[in-house]
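Taking it in order: structure first as structure tokens, then the write-up.
Any read-out appearing in this document is the output of simple, stated calculations on the displayed coordinates, not a laboratory observation. Values in this document were obtained by computation on a predicted structure and should not be read as measured data. When we count neighbours, we look across all protein chains shown, and the Cβ atoms used for this are built from the backbone with ideal geometry, even at glycine.
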Amino acid sequence: MKNFPRNDVTYYDTFDAFMDGIEKAFGDKTAVSWFLRNRTEESRSFRELAGEVGQLRGAICGRGLAGKNIAIVGENSYAWIVTYLAVASCGGTAVCIDAEQSNESIWQMMQMAEVEAVFASDVCLPICEEVPEGKERIQMFVLLGDAKEDGVLTFSRLCEEGENYLAQNGPAVYPPIEARQTAAIAFTSGTTSISKPVMLSNQAILYNASDSSVYVSAGERVFTSLPFYHTYGMTCAVLATLVRGAALIINGDLKTVMRDLHLSRAESMLTVPLMIEAIHNQLWLNAEREGQEEGLRRLLRLQRVLRKMGIKTRIKVLEDVRQKCVGTLRTIICGGAHLNKEIAEEFLMLGILVLQGYGITECSPLVSVNSNYSYDMDSVGHVLPHCEVKIENEEILVRGKNVMNGYYKSPELTAEVMRGEWFKTGDLGYLGRDGFLYITGRKKNLIVFKNGKKISPEKLEEKIGMIPLVKDVLVYGAVSGASADDVKLAASIYPDPERAKGLSSYEILEQLQEEINKINSHLPFYQQVQMVNIREQEFSKTASKKIKRHMV
């Protein structure tokens with residue numbers, strides 16, 4: 001692997017050790033911040049965070065729920081983080097449930113994980129209380145917020161209960177926690193099938209959080225709106241920031257995400273390609289409306305030439321554009337899906353370094369990430385220190401401390417994806433020079449033609465996605481003959497509503513076909529898109545904003 005600077009990090013085997021360690025190391029430094037409706041910043045120090053985690057842990061132990069499976073269902077909040085840490089640090093399992101799923105999916109996840117308590121937001125609590133099966137197992141429902149009526153057990157009341165318990169009984173007593181003991185159950189995104197409950201150990205999560213900071217220098221203020229129920233949001237944003245004593249600024253409402261980003265004064269942000277693409281699209285829309293599009297392109301070309309000549313200078317107009325778009329941000333860590341290289345390069349010319357990584361829920365999730373000091377914008381970076389990767393028949397296999405304990409009570413499903421200690425990711429890729437890892441597609445997404453040729457739709461989707469009129473695209477094999485493998489490449493496209501405004505369906509299709517013809521002209525015949533259809537509704541997406549292919 002290429003030699004480049006690494007950051008020193010602290011590793012923890014268990015969540016109780018993690019809580020003790022960060023409190024002692026960082027004390028009164030700001031740990032978590034968020035913004036209220038009136039734009040006021042609310043924050044908690046590491047000492048305050050540890051205190052509230054300790055109180056809630058006391059209440060959980062006092063109610064005999066230490067070591068149990070406890071669900072958390074709701075949008076991002078400080079209480080969400082405290083609950084996760086309290087459950088994991090008294091030997092329990094935090095069951096992280098996607099609050100954006102249907103009622104039936106939420107119930108199914110609660111039942112699959114056999115939860116014995118539920119912490120939920122005001123929107124999700126009534127849904128959880130209506131769970132049709134397994135309700136007799138659930139000992140308490142807790143509101144992650146303020147009660148609108150008496151008789152509702154709230155997060156703050158439970159913390160007070162824990163404080164009283166600790167005052168009367170001393171430190172909360174719970175069984176010793178083992179490093180490989182399950183600390184969380186997270187559900188796979190389910191782009192091609194039903195979500196599976198992934199068991200992640202204390203050590204897997206915490207080592208992965210520390211490892212993710214070895215290559216990446218994210219600064220002292222980190223912003224994220226990534227959902228905490230997703231391993232990317234919890235491990236790489238929350239825990240990776242806390243373990244090194246930086247301040248995490250959180251957002252739980254997409255309506256205020258750009259407002260909060262500008263207010264945050266953050267140096268870095270963790271996000272998904274969809275968010276970066278939205279910012280990029282807005283940047284060019286603004287330039288077009290102000291008649292500055294060609295001028296901006298000239299400045300970006302100039303900056304590119306200067307960088308190639310080794311001249312590092314900041315052009316004021318580009319600095320102003322960056323400030324208007326993303327405030328103080330200088331680094332964006334991007335994962336969950338592939339980001340187009342051209343977008344990343346344009347951001348670099350604006351003074352924003354985009355570092356792509358690769359992860360999968362079963363690996364806690366991070367497997368590789370680019371470094372501030374060693375990056376390739378076509379790659380997903382270098383493999384993490386406590387992780388190994390090998391390629392078999394183009395498929396990426398992973399072994400290391402970050403690999404899951406298995407799927408909860410599903411040994412058959414676990415056996416399908418494990419080969420000894422190696423986890424079969426289902427992703428296709430290769431290891432290149434200097435140790436960079438490259439992703440070429442998803443095994444299940446491969447389109448196979450009658451002549452035996454294969455194509456990964458992701459590469460075509462990336463090319464089509466660069467057409468300004470395209471908001472989202474999915475490429476698939478449309479059956480065009482008598483047999484299942486007699487297919488033609490087709491593209492299902494959801495047009496950008498802003499750019500499609502005032503255009504008829506025929507005009508949209510005509511413009512798209514013209515652009516796709518240009519793409520086709522550079523491809524062999526079997527890789528050319530031969531059918532285009534326009535969607536009126538957005539695609540259904542996973543927590544990491546990947547299209548759910550099985551629902552299209």
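Quick notes
- Under-5 Å amide H pairs with Ser217, H placed in peptide plane, nonlocal only: Asn372
- Label point at Ser480 placed 7 Å out along Cα→Cβ; residues across the range 508-552 whose backbone nitrogen lies under 17 Å: 513-514, 516-534
- Length gained on full extension, Leu302 to Asp28, computed as 0.36 nm times the residue gap minus the Cα-Cα distance: 94.1 nm.
- The label-point distance for Tyr430 and Ser504, in a model that sets each label 7 Å from Cα toward Cβ, rounds to 4.8 nm.
- Summing charges over all other residues whose Cβ lies under 12 Å from the Cβ of Lys341, with Lys and Arg as +1 and Asp and Glu as -1, gives -4.
- Near-label residues of the range 327-351 by backbone N, under 20 Å of a point 7 Å along Cα→Cβ of Lys518: 340-347
- Rounded to whole numbers, the Karplus 3J(HN,Hα) couplings from phi for the range 10-24 are 9, 10, 10, 8, 9, 6, 5, 5, 4, 5, 5, x, 6, 5, 5 Hz, using 6.51 cos²θ - 1.76 cosθ + 1.60 with θ = phi - 60°, and x at Gly and Pro.
- With neighbour counts taken as other beta-carbon atoms within 10 Å, the residues Cys325, Cys90 rank, fewest first, as Cys325, Cys90.
- Phi-based couplings in Hz for the range 291-297 (Karplus 6.51, -1.76, 1.60; Gly and Pro marked x): x, 10, 4, 5, x, 5, 4
- The chain: antiparallel DSSP beta bridges as a percent of all, rounded to 5: 55
- P(r) tail fraction, the chain - alpha-carbon pairs more than 38 Å apart, %: 30
- Size descriptor, Kirkwood hydrodynamic radius, that averages inverse alpha-carbon separations across the range 15-201, Å: 17.0
- For the chain, the longest principal axis of the alpha carbon atoms and the long axis of helix 155-169 meet at an angle near 40°.
- The angle between the Cα long axis of helix 273-289 and the longest principal axis of the Cα atoms of the chain comes to about 50 degrees, rounded to the nearest 10.
- Under 5 Å, built H, 5+ apart or other chain: amide partners of Ala266: Thr328
- Relative to the longest principal axis of the Cα atoms of the chain, helix 316-326 runs at roughly 50 degrees.
- Phi-derived couplings, Karplus 6.51 cos²θ - 1.76 cosθ + 1.60 at θ = phi - 60°, listed residue by residue for the range 211-223: 4, 5, 9, 5, 8, 9, 9, 9, x, 8, 10, 10, 10 Hz, with x used for Gly and Pro.
- Equivalent ellipsoid of the range 200-358: semi-axes from √(5λ) of the C-alpha gyration tensor, largest first, are 29, 17, 14 Å.
- Each peptide among 394-401, 525-532 gets the average number of other Cβ atoms lying within 10 Å of its residues, and from highest to lowest they stand as 394-401, 525-532.
- When the helices of the chain are scored as -39500 (n - 2.57) per DSSP H run of n ≥ 4 and the total is divided over every residue, the value at 222 nm lands at -10000 deg cm²/dmol.
- Gain on full stretching of the segment that runs from Glu538 to Lys135 - 0.36 nm per residue minus C-alpha separation: 141.6 nm
- Within the shell of other residues whose beta carbon sits under 14 angstrom from the beta carbon of Tyr12, the net charge comes to -2, with Lys and Arg scored +1 and Asp and Glu -1.
- Fraction of alpha-carbon pairs over 23 Å apart in the range 254-442 - percent: 51
- From least to most packed, judged by other beta carbons within 10 angstrom and beginning with the fewest, Met234, Met377, Met140 follow the order Met140, Met377, Met234.
- Entries in Lys196/Lys443; Lys459/Lys548; Lys196/Lys454; Lys424/Lys444 that, when Cα-Cα distance is taken, lie over 22 Å: Lys196/Lys454
- Share of Cα-Cα pairs in the range 446-551 lying beyond 18 Å, as whole percent: 49
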